[in-house]
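Q: This is the structure I have questions about; it appears just below.
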Amino acid sequence: MRLKKSTVADFVTYALVILAFVICQWMVSAGSMSRSLKGQLVPITVYIVMAVSLNLVVGISGELSLGHAGFMSVGAFSGIVMSTWLVSAFGLENEVLRLVLSMVAGGLFAGIAGVLIGVPVLRLRGDYLAIVTLAFGEIIRNVMNCLYFSLDGRRLYVSFNNPQIPGKILVNGPAGATGVDKISTFAMGFVLVMFSLVVVNNLVKSRSGRAIMACRDNRIAAEAMGINVTKYKMMAFVTSAVLAGMAGALYGLNFSTITASKFKFDTSILVLVFVVLGGIGNIRGSIIAATLLTVLPEMLRAFNDYRMLVYAVVLILVMLMTNNPTMRAFFERINPRRRRDRGLTEEGKSA
């Protein structure tokens, strides 16, 4: 029985992720990994999930979203509050279970935010959609700057722009969350990456995924065939938001102090850079780009003041190479399926 090429490609992606995890774990146990790189392991997994989830919107759904960091911030603070509440109210000391429940809570609240934002936003197209998602991302960040959470026994208090609330402050408005239990682990990050890949790949191959790509390739033809375009774009958008929220929870519980300023517009653009450089619609490319571009600034730290300049030059060179017709023709000769898929997409758009 011959396997489909897409199945083989997915298997290769899973195998590469597992191999990278085993190598990193071996290097950590052997003590051959530097301290700075060891501290980057969890953020690498977080940014991989962010890139894969954004690729679901940008590459698979065909919409440009510039507010992805907003869902990450919702997940981060929801996860922090949930983790602290589980310890204080229920005495749950098991860090693994607490981390899992915190990530579920982060994904749930980010999904709710995705629904609230997606209802008005996904009726727009093109540049208008990009501008509005950018605005909503900044609105979420500013709202998080005004929220105060406190815990008094089992009671959780929430206040908007009013720090005078009873109990122990968990999230102190613009000062963010301090004294956070650092319970995030690289192993849990690996599990989240595998979970995200399974969710995205299964969605893309499902009937709903084919409907999403049909809406991307030709919206008018999809509507003529009776496909509810808004429904399927909402499905991709909310799924992406849930995964971003779970990644945000993992990210927030990796630092003792975290503020909403970490989830600015720059973070959304950084994740978009991962998607573009890895190849729009290319899940494996997003994983590789997120890994390399997260590690690269640390590798260039020896250059001190010039490292960000070198980083920018590398980004420009990679962008030029990936958009060079000669390089593109070379990759298409290696992967004929990519050439055929692009031809079908262009034929659908011209129709």
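The values are calculated or read from the model by the stated rules, or taken from the named source; none is laboratory data. Remember, predicted model here, so these are calculated numbers, not experimental data. Positions of Cβ are backbone-derived with ideal geometry, glycine not excepted, and every protein chain shown enters the neighbour counts. Just so you know, the surface numbers come from the protein's heavy atoms only, side chains and all, with ligands and any DNA or RNA stripped out. Shrake-Rupley method; radii C 1.70, N 1.55, O 1.52, S 1.80 Å.
Q: Run down 193, 115, 158, 171 and say which single residue is closer than 30 Å to residue 23 by Cα, touching a Phe, Trp or Tyr at 6+ places or on another chain (Cβ under 9 Å) and at pLDDT 85 or above.
A: So the residue among 193, 115, 158, 171 that is closer than 30 Å to residue 23 by Cα, touching a Phe, Trp or Tyr at 6+ places or on another chain (Cβ under 9 Å) and at pLDDT 85 or above is 193.
Q: Which residue, of 16, 37, 64, is among the aliphatic types (A, V, I, L, M), surrounded by 12 or more Cβ atoms within 10 Å (Cβ to Cβ) and under 30 Å from residue 231 (Cα atoms)?
A: 64
Q: Taking the options 23, 48, name whichever one is over 26 Å from residue 154 (Cβ atoms), in a helix (DSSP H, G or I), modelled with pLDDT of 90 or more and open to solvent by 20 Å² or more (accessible area, probe 1.4 Å).
A: After ruling out the rest, the residue left standing is 23.
Q: Select from region 67-88 the residues that are among the aromatic types (Phe, Trp, Tyr) and open to solvent by less than 20 Å² (accessible area, probe 1.4 Å) and write down the one among them that is farthest from residue 205 (Cα to Cα).
A: 77
Q: List every residue pair whose Cβ atoms lie under 7 Å apart, where the two residues are 6 or more positions apart in sequence or sit on different chains, the first residue falls within region 282-294 and is within 16 Å of residue 251 (Cβ to Cβ) and open to solvent by less than 10 Å² (accessible area, probe 1.4 Å), and the second residue, located anywhere, is part of a helix (DSSP H, G or I) and at pLDDT below 90.
A: Note: pairs meeting the criteria are 290/274.
Q: Show me the helices (runs of 4 or more DSSP H) found entirely inside region 206-325 where at least 1 residues are modelled with pLDDT of 85 or more.
A: The helices (runs of 4 or more DSSP H) meeting that bar are 207-217, 219-224, 229-252, 265-278, 283-299.
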